[in-house]
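Take a look at the structure below.
Coordinate-derived values only; no laboratory data. Keep in mind that what you see is a predicted model, and the values were worked out from it rather than measured. All Cβ positions, glycine included, derive from the backbone under ideal geometry; neighbour counts span all protein chains shown.
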Amino acid sequence: MQRALIIGISGFVGPYLKSELEKNGYKVFGLDRNRKCHSERSEESDAKRHPEHSRGISRECETPLFHCDLLDKNSVCQVINKIKPDFVFHLAGFSSVCESWKKPDLCQKINVQGTQNLLEAILRAKINPKILIVSSAEVYGNPKELPLKETSPLNPENPYAKSRVAQEKLVQSYKNLNWIIARSFNHTGPGQPPIFVIPEFAKQLAEIKKNLNGDPPIKLRSVIPSEGQLSWPKSRNLSRMRGEISDKLRDSSLHSVPLRMTQQKEAQKNSRHIIKVGNLEAKRDFSDVRDVVAGYRLLLEKGKKYEIYNVCSGNVYKVEDLLNTMISQIGMAVKIEVDKSKLRPQDIQELRGDNTKIKKLGFKNNISIDKTLNDSLDWWIKNLSATSKKH
């Protein structure tokens, strides 16, 4: 059985990757600086986290978990020597663009020095595993041409992106190791922490849905007209007409954003429910985390060493449209207010990737953006509900 080591297993992506690897026959080990692990998530569950405390190697968690800080060279060497993995997935790192403006030196240290310590530990262990280094599409900066290919010029415009460029250059200097770099575009899903845009929306909307702020809900009217709302020509069958509209809306709730916007703006005037947002004009290439981890597995199984692969959907979404879709999903009127503290000093207007290269390995985006948003919202609604019951 192949031994796979996930660096940063207790983060957002780690448990999903663990599940993906175990379903495909791998023996999974985890390394994380946090003394906890999460139970396996699956698409059939509500993807809720169940942290379990551990010391050293966790005995309560099915996956052996090693507590280790990547900045501690000796500890990293000990873990690598003990596990001797066949595959290494390096997910750990400083991942927040917003926080990188506040802590640029720490961001650089974690993403570059931490990676170097890992690679040196692998060399010292005298093993040759396949290594996936997860970088970011932020390295491209504000692009001159879209979609972005792996050969597109790099133009990092924030401390986080600069740290990822430095990380990539470091990795490329290790010609005696078997590595692949994944440039991941935006990905989200159930359980992502609210320092990122979609879970931040989902958490606030879940609080409104659960009526945690004490205000009475203001329901949105259905976008499907009832018989008394509209007069249809007698020659047309009403039920068939309503069915046609319903079918079109069912295809993708994003397609019905203009329809809902009129309702939402009208209802917002009287709504006391407020969601605080940052830049809604940004356009991003979003994927579901459950598709992304399948891509990571494919890269180490079928990818070519010393290559860089975009991990993306190839579809671009305006953040405002995603928010409106989520507001529609909770079926309540919500007032949108811009919070200046949520705006970045510099922001990339649009990121859209070309996933042609990774698709040749069999990569697919199987989960629709509507399902991703709805699952994320449901996770927060259930999570807040469970939390409130405890109190």
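Spatially, region 304-335 and region 136-189 are offset by 20 Å when compared through their Cα centroids. Under 5 Å between amide hydrogens, built in the peptide plane, is the criterion, and for PHE29 it picks out ALA4, LEU5, ILE6 among residues at least 5 positions away or on other chains.
Counting only Cβ charges, +1 for Lys and Arg and -1 for Asp and Glu, the dipole size of region 283-325 around its Cα centre is about 200 debye. Only Lys, Arg, Asp and Glu carry charge here, each on its Cβ (+1 for the first two, -1 for the last two); on that basis region 274-391 has a dipole of about 440 debye about its Cα centre. Note on SER100, SER341: ascending count of other Cβ atoms within 10 Å places them as SER341, SER100, the fewest first.
If neighbour count is taken as other Cβ atoms inside 10 Å, put THR151, THR356, THR115 in order from fewest to most.
The order, fewest Cβ neighbours first, is THR151, THR356, THR115.
Since only VAL165, VAL134, GLY191 are under comparison, the one whose Cα sits farthest along the positive direction of the charge dipole of region 99-220, derived from C-beta charges on Lys, Arg, Asp and Glu, is VAL134.
Computed packing ranks the peptides 166-176, 277-287 as 277-287, 166-176, most packed first, by mean other Cβ atoms within 10 Å.
Of the GluC sites (Glu not before Pro) found in region 55-155, the ones in coil according to DSSP and having at most 13 other Cβ atoms within 10 Å of their Cβ are GLU60, GLU62, GLU145. For region 286-295, putting each phi into the Karplus relation 6.51 cos²θ - 1.76 cosθ + 1.60 with θ = phi - 60° gives couplings of 9, 10, 7, 4, 5, 6, 4, 5, 5, x Hz, in residue order, rounded to whole numbers and with x for Gly and Pro. Exceedance of the 19 Å cut-off in Cα-Cα distance is limited, within the set LYS209/LYS382; LYS103/LYS342; LYS18/LYS283; LYS162/LYS305; LYS283/LYS342; LYS318/LYS360, to LYS18/LYS283; LYS162/LYS305; LYS318/LYS360.
Only counting other Cβ atoms within 10 Å, I'd like TRP380, TRP179 sorted with the fewest neighbours first.
TRP179, TRP380
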